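Below is one structure, written out as structure tokens, with a few remarks after it.
The values are calculated or read from the model by the stated rules, or taken from the named source; none is laboratory data. Here the structure is a predicted model, which means the values were calculated and not measured. When we count neighbours, we look across all protein chains shown, and the Cβ atoms used for this are built from the backbone with ideal geometry, even at glycine. Quick note on the areas: whole protein, heavy atoms, side chains included, nothing else; ligands and nucleic acids left out. Shrake-Rupley method; radii C 1.70, N 1.55, O 1.52, S 1.80 Å.
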Amino acid sequence: MEKKISKEIKRAHVLTTYPKTDASRRLRIEPLVAELRLRGIDVQVHELFSDKAFTQKNERGAARIYAAAVLLLRIVSRIFFLFRRCDILVVHREAFPFFTPLMERLAAKRSQVTILDIDDAIHAAPTHIRDWRRLLRQPVRALEFASIFDLILCGNESLVETYGSGKATAVYQPTCPPSSTFEIEHQPGAPITLLWTGSQSTLGSLQTVLTEVLEVCDEEQIFLDVLGGTNIEDLPAHPRLRARRWSNQTEAELLRSASIGLMPLPDTEWERGKSGYKAILYLCAGMKAVVSPVGINSQLADDYESISACDAERWSHEIRRAVRSVRENGLSSGSQHEARAHFDTDVNAKSAVDLILEIGRHEKREISSSSIQ
């Protein structure tokens with residue numbers, strides 16, 4: 001049983017844009033929330049999209065109008081939420097979809113300790129979409145977060161370097177797969193299958209290498225499974241391509257049957273800020289992975305033998321090499337066991353909350369000392 005913390009720190013507010021349906025919210029924020037509550041802290045989460053609105057924001061017509069209406073309503077409610085005092089404030093990526101960093105400054109003034117959790121280079125303009133938020137925000141202003149927050153939990157070392165130059169303590173906090181991933185076991189001799197799993201916004205990265213991947217599938221007589229958002233309907237029909245809408249259940253099913261995971265990325269500042277989650281997911285599921293050497297992916301490839309990093313012109317070669325390795329040697333569990341120890345969700349959440357509470361108690365002591373003087 002965990003000891004309850006001092007009564008000095010008892011209330012936390014968490015600001016997110018998306019609900020638990022979103023991978024980053026589910027994998028980075030929910031473990032923190034669970035651990036804070038385990039320590040006896042009252043945690044209130046405010047999200048801008050409901051589950052229903054989130055699933056409909058990329059649809060067309062009435063569904064998209066509904067999602068926009070929910071977003072506007074919750075933006076208004078967030079303004080009032082920001083004026084409530086708390087001991088711990090946790091912001092996932094940014095407090096508002098625009099006006100950065102105005103709202104973060106306002107919220108920080110009413111909080112004892114402030115934490116930013118970030119796994120994207122939101123200080124850079126996104127490369128995958130035409131972002132409507134650019135009308136109301138300047139991405140580079142997000143660099144000011146380093147002077148606003150006390151602790152910044154970063155999805156990779158590149159973000160640590162970016163945000164570690166201000167008053168904030170910046171630390172690497174990996175994005176860990178759900179614990180159910182660790183239960184996956186692959187059957188020896190199963191058919192070889194390639195897998196790409198992702199979101200609406202990341203499908204474009206797969207499309208840049210799709211022709212080469214499908215050529216390899218034809219030659220090797222294997223299949224490519226693709227899990228994504230509504231835009232998977234835009235993928236070309238191909239006898240070796242099986243595209244499905246993402247769901248927790250479908251992803252878990254395909255992780256059990258796939259042998260090689262794919263994670264292509266363009267080498268841009270935005271992508272260099274990513275947390276390498278796909279590569280980590282494939283790794284912990286006991287698969288081989290072929291990834292672009294962008295951001296944290298390069299380090300993952302150096303650390304784990306089951307991950308191969310390749311430049312854009314070598315995708316066909318690396319996938320063939322991975323297929324040949326699986327056929328000759330099967331899937332090795334060495335990297336998998338090592339990764340599961342490093343990317344344990346509960347262990348990493350406990351370490352992060354320990355740091356949050358230590359900073360919170362330090363801030364409390366500083367405030368008390370100042371008031372005495």
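Quick notes on this structure:
- Search result, residues across region 218-233 that are assigned to a helix (DSSP H, G or I) and touching a helix residue (DSSP H, G or I) at 6+ places or on another chain (Cβ under 9 Å): 219, 220, 231, 232
- Number of positions in region 138-156 that are of a type outside the set (Gly, Ala, Ser), in a helix (DSSP H, G or I) and open to solvent by less than 10 Å² (accessible area, probe 1.4 Å): 1
- Scope region 220-247; condition in contact (Cβ under 8 Å) with a residue 40 or more places away in the chain and either more than 14 Å from residue 192 (Cβ to Cβ) or open to solvent by 20 Å² or more (accessible area, probe 1.4 Å) (or both); matching residues: 220, 229, 230, 231, 246
- Any hit, region 127-135, residues being of a type in the set (Val, Ile, Thr), touching a residue at least 24 places away in the same chain (Cβ under 8 Å) and open to solvent by less than 60 Å² (accessible area, probe 1.4 Å): no
- Top-ranked residue in region 333-350 [being surrounded by 14 or more Cβ atoms within 10 Å (Cβ to Cβ) and of a type in the set (Gly, Ala, Ser); ranked as farthest from residue 214 (Cα to Cα)]: 349
- Every listed requirement among (1) closer than 30 Å to residue 362 by Cα; (2) modelled with pLDDT of 90 or more is met by residue 96 save one, (2).
- Here is the figure for region 19-38: residues that are open to solvent by 20 Å² or more (accessible area, probe 1.4 Å) and either farther than 24 Å from residue 55 by Cα or not β-branched (Val, Ile, Thr) (or both) total 9.
- Condition met for residue 330 (surrounded by 24 or more Cβ atoms within 10 Å (Cβ to Cβ) and on the phi > 0 side of the Ramachandran plot): no
- Screening residue 274 on (1) over 18 Å from residue 207 (Cβ atoms); (2) buried (at least 24 other Cβ atoms within 10 Å of the Cβ) shows it passes everything except condition (1).
- Qualifying residues in region 301-314 (those that are touching a strand residue (DSSP E or B) at 6+ places or on another chain (Cβ under 7 Å) and surrounded by fewer than 24 Cβ atoms within 10 Å (Cβ to Cβ)) - the one nearest to residue 256 (Cα to Cα): 308
- Residue check, residue 211 without any contact (Cβ under 8 Å) to a residue 60 or more places away in the chain, in a helix (DSSP H, G or I), farther than 17 Å from residue 92 by Cα and not acidic (Asp, Glu): yes
- Conditions (1) more than 24 Å from residue 110 (Cβ to Cβ); (2) out of contact with any helix residue (DSSP H, G or I) (no Cβ under 9 Å at 6 or more places or on another chain); (3) not polar (S, T, N, Q); number of the one not met by residue 139: (2)
- Selection within region 91-106 - closer than 10 Å to residue 149 by Cβ and touching a strand residue (DSSP E or B) at 6+ places or on another chain (Cβ under 6 Å): 91
- Residues of region 254-266 include at least one that is in contact with a Lys or Arg (Cβ under 6 Å, 6 or more places away or on another chain), modelled with pLDDT of 95 or more and closer than 30 Å to residue 140 by Cα.
- The set of residues from region 157-208 being over 30 Å from residue 241 (Cβ atoms), assigned to a loop (DSSP other than H, G, I, E, B) and touching a strand residue (DSSP E or B) at 6+ places or on another chain (Cβ under 7 Å) comprises 164, 168, 173.
- Criterion applied to 252, 285 was being open to solvent by 20 Å² or more (accessible area, probe 1.4 Å) and under 26 Å from residue 156 (Cα atoms), and the one residue passing it is 252.
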